């Protein structure tokens, strides 16, 4: 009903251009035939082909996906437990410390988290001989620790918005508290848990700094591999890889957006 | 019946204990270790720092690392530069993000959800790849320079990549969504009648903005600024990829100190100092969120 | 009321407002006199709030002009109009104290500090908020917020005060009390009030005149009594109070009366011929429940309209009794009777055969 001022409209246009022009330019250059990323050498899809023949990339991708899936699952379980604790269990001893610890990873810079975890792993290796090697397990632990904070935030807001009388009804009908959590609470917060899992998965797949700290020699995640390549400058196969990333994310998000819109229209 | 209750209690304890222990072990304890190592001396050994208790069992700690950080001008300059860079990016994000958030909050519901989606979308695309995208834009023969030369504005390519300006651009670009989302949240739930009421009472559109919209968006402004400033302070990837070799920001210095100089105690001390520097903004952020949550109920 | 008041203080001519294809306000002409307490009444989405926002200056009419006190204000923005508004949500600025809220309008007009203080004192006195002036809005009750909103809008002594559903946010008891307070304040200050409401009872008690709106158009404008007793359309008759309607056809016309053949009434209904109708015209006879008498015996007065029926349902409301009467045609009508006599027994019971009757004068004839 209200018209937007011309100033707002132009800033909106500028802002979205600012956000998307870099992404578009990467996509355009991914079809550049030239090995020199900066010179246009005609249209080609050869870099996409090369991507799938590059074993290092495939290995790194596989490792990244394994870590992301494991840590996202753990983070969802722990994060949900943490959210349940904070919302439903009222005051308990050490609550302040706990809620501080669960939110801190959201704001503490990655370099600090990464460094502290690495020093921790080195120290306990000295004491207990574990972990003998840093790689899949240490990265998974690190990712679980910081992504459970995100899951907890998402599930927590869903839990607080939930009508608590639903749980009370179940108890009134003879359901014991532990059962209530499985019968009533979990099904209702399931969408938040799914969203949390997806976010945790993406965060893990995305992370470079923490993984660089806590991984050992030989264990390269996808971001670490990309970083080692792009340190030296723009390369055409990373352009292709980035374009694939953008494509997958865009298609997934738009599909999800479209589906929720459809559902809202129906109801 | 008694066993059932015991079973319930067991579940309760598991739910409480598992995440609690996990965080104690993998979050709090590592911080203790950083603190411990920052008080040790670097030695040539594996691991390269002196033990907290020496052979005779007496406590052996030193504040040398922190003293060094304060005595060496390089570190003071690094911290200062990080603060300035992060602050500049924060201000730029605010100037750009506020009108964008405002525009989204005041648009039709259908367009609004699409506009929001387009703000959130970059979040899900790899951070590293988004920073990388700027390398292609800013390089000497990148898109921008090619475009400028094609227009005839410059003959020679301008040096944009590997400068502080490129870091600033990268920070603004990467953290802009962190500014827009909290601002959008406060602006969206603001009662538009308030602005109308102010105008009805004689305030012009601009006056009404400064009297009503701006103060009521305060919680969002604070949250947005902190969410940009805090991670920008510790940023490592952006100064490394977009900045020049002398672009010394804390995140990078910490990394170099650790991997290049292998001075673990000093790296730990740098991390502790960074954390101390961030305590103020973090406390501001927490207080702001708590007050905001209180007002929302 | 002073006799020199301007009958066209607010003059709305041919005002329409379109949002895209949607016609929110459709070619409205309306005059409101100085010092009136005028209500715009209608259901949600009828365009009443849009019309009010056009008067306030928040919306620009697509076509038409608006004049206030002889000045064309159509192109004057809200902040320069001699008009203030009280919002339905009250729109109290949450980050300002009661006092600051009230003083806001004068501060924007750059009035001197001492002057502002004097005015604030006065208006706070008027709405009895003395004890609350330093409070923050979140510490106020609904009734107090309403007073702040009123004081804030009144302090600039607007020529017209617009009130958007001023009582909707209050509970029932408070609403009645506040209603009379509003009327007193209006009377005391002599400011023209334009009230938008969906509550017909509120409109009836508050207003000097009412305009009924539906689908963006003004259906009828008049004093509460006129609107209630002489509705011009079925919508108005239905919207204000309850009414029984009988569709039929004029069968005969004599000097004063028309006879309307209504199938649902099981015969002819008598009414006064106010519309110069001819036999064959399709009309609707409407009659209010309280105008109908109910009796066991056939009514004696031959002039009256009499119909037989059975009591389907009855309800005792204390001051009134309500009856749902099923006529022989099967149509159910509503009858209300005052309980004049103190008695614990019911005079008329369920399923009882009774007569309903009313005077021809009580028949409202609705054409089209």
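Grab the beta carbon distance between residue C:114 and residue C:199, set R0 = 60 Å, and tell me the FRET efficiency rounded to 0.05.
Efficiency for this residue pair is about 0.90.
Measuring from centroid to centroid over Cα atoms, what is the spacing of region A:182-211 and region B:234-293 in Å?
Result: 27 Å between the Cα centres.
How long are the semi-axes of the equivalent ellipsoid of region C:1-86, defined as square roots of 5 times the Cα gyration tensor eigenvalues? Whole Å, largest first.
22, 15, 12
By how many degrees, 0 to 90 and rounded to 10, does the Cα axis of helix C:113-126 deviate from the longest principal axis of chain C?
The two axes meet at around 20 degrees.
Using Cα springs under 10 Å in a Gaussian network model of chain B, which residue among B:240, B:68, B:26 shows the largest mean-square fluctuation?
B:26
Please give the Cα centre distance for region A:144-178 versus region C:160-196, rounded to the nearest Å.
45 Å
For chain B, with a Gaussian network of springs between Cα atoms less than 10 Å apart, report the residue from B:22, B:214, B:264 with the top mean-square fluctuation.
With Cα springs under 10 Å in chain B, the top fluctuation among B:22, B:214, B:264 is at B:22.
Rg and Dmax of region C:175-220 over Cα atoms: what are they, in angstrom?
Radius of gyration, then largest Cα-Cα span, for region C:175-220: 11.7, 35 Å.
What's the angle, to the nearest 10 degrees (0 to 90), between helix A:186-206's Cα axis and the longest principal axis of chain A?
Roughly 30 degrees between the two axes.
Separation between the residue B:262 and residue C:217 pseudo-spin-labels, each 7 Å from Cα along Cα→Cβ, expressed in nm?
Going from the residue B:262 label point to the residue C:217 one covers 9.2 nm.
What do you get for Rg/Rh over chain A if you use C-alpha atoms and the Kirkwood form of Rh?
Taking Rh as the inverse mean 1/r over Cα pairs, Rg/Rh reads 1.05.
Taking Cα pairs under 8 Å and at least six residues apart, what relative contact order does region A:138-267 come out at, in percent?
On the way: 57 pairs, mean separation 37.9, N = 130.
29 percent.
Give me the distance in nm between label points sitting 7 Å out from Cα along the Cα-to-Cβ direction at residue A:96 and residue B:64, one decimal.
Spacing of the two 7 Å Cα→Cβ label points: 3.8 nm.
For the pair residue A:34 and residue B:280, how long in nm is the line joining their label points, each one 7 Å along Cα→Cβ?
Each label point is offset 7 Å from its Cα along the Cβ direction, giving 4.9 nm.
Take the alpha-carbon centre of region A:6-61, take the same for region B:19-76, and report the distance between them in whole Å.
Measuring centre to centre over Cα atoms gives 44 Å.
By per-residue mean of other Cβ atoms within 10 Å, what is the highest-first order of A:10-17, B:130-137?
Per-residue mean Cβ counts within 10 Å order the peptides as B:130-137, A:10-17.
Using Cα pairs under 8 angstrom and six or more residues apart, how large is the relative contact order of region C:244-366, in percent?
Averaging sequence separation for qualifying contacts and normalising by length gives 30 percent for region C:244-366.
Mind sorting C:8, C:284 by how few other Cβ atoms lie within 10 Å of their own Cβ, fewest first?
C:8, C:284
Two decimals is fine: what is log10 I(q)/I(0) at q = 0.06, 0.08, 0.09, 0.11 Å⁻¹ for chain C, from a Debye sum with one equal scatterer on every Cα and no solvent?
The calculated log intensity ratios at q = 0.06, 0.08, 0.09, 0.11 Å⁻¹ are -0.31, -0.53, -0.65, -0.87.
Ratio of Rg to Rh for the protein assembly as shown, alpha carbon only, Kirkwood?
Working: Rg = 37.5 Å, Rh = 34.1 Å.
That ratio is 1.10, to two decimals.
At R0 = 25 Å, how high is the FRET efficiency between residue A:252 and residue B:110 if r is their beta carbon distance? Nearest 0.05 is fine.
With a Förster radius of 25 Å, E is 0.75.
Under 17 Å from a point 7 Å along the Cα-to-Cβ line of residue C:332: which residues of region C:266-286 have their amide N that close?
none
Give me log10 I(q)/I(0) at q = 0.14, 0.16, 0.17, 0.19 Å⁻¹ for region C:211-355, Debye formula, one equal scatterer per alpha-carbon, no solvent.
-0.78, -0.98, -1.08, -1.24
For chain C, what is the relative contact order in percent, using Cα pairs closer than 8 Å and at least 6 residues apart in sequence?
15 percent
Return the FRET efficiency for the residue pair residue C:33, residue C:174: r is the Cβ-Cβ distance, R0 is 35 Å, and the value is rounded to the nearest 0.05.
Computed FRET efficiency for residue C:33 and residue C:174: 0.75.
Report, in deg cm²/dmol and to the nearest 500, the calculated mean residue ellipticity at 222 nm for the protein assembly as shown, where each DSSP H run with n ≥ 4 adds -39500 (n - 2.57) and the sum is divided by the residue count.
Roughly -17500 deg cm²/dmol at 222 nm, from the helical runs in the protein assembly as shown.
How far, in degrees from 0 to 90, does helix C:98-108 lean away from the longest principal axis of the Cα atoms of chain C, to the nearest 10?
Helix C:98-108 sits at roughly 70 degrees to that axis.
Can you pull the mean other chain C-beta count within 10 Å for peptide A:97-107?
Mean partner shielding for this stretch: 5.
Here, each number is a calculation from the coordinates, and none is a lab measurement. None of these values were measured; they are calculated from a predicted model. Reconstructed Cβ throughout: ideal geometry from the backbone, glycine too, with neighbour counts over all protein chains shown.
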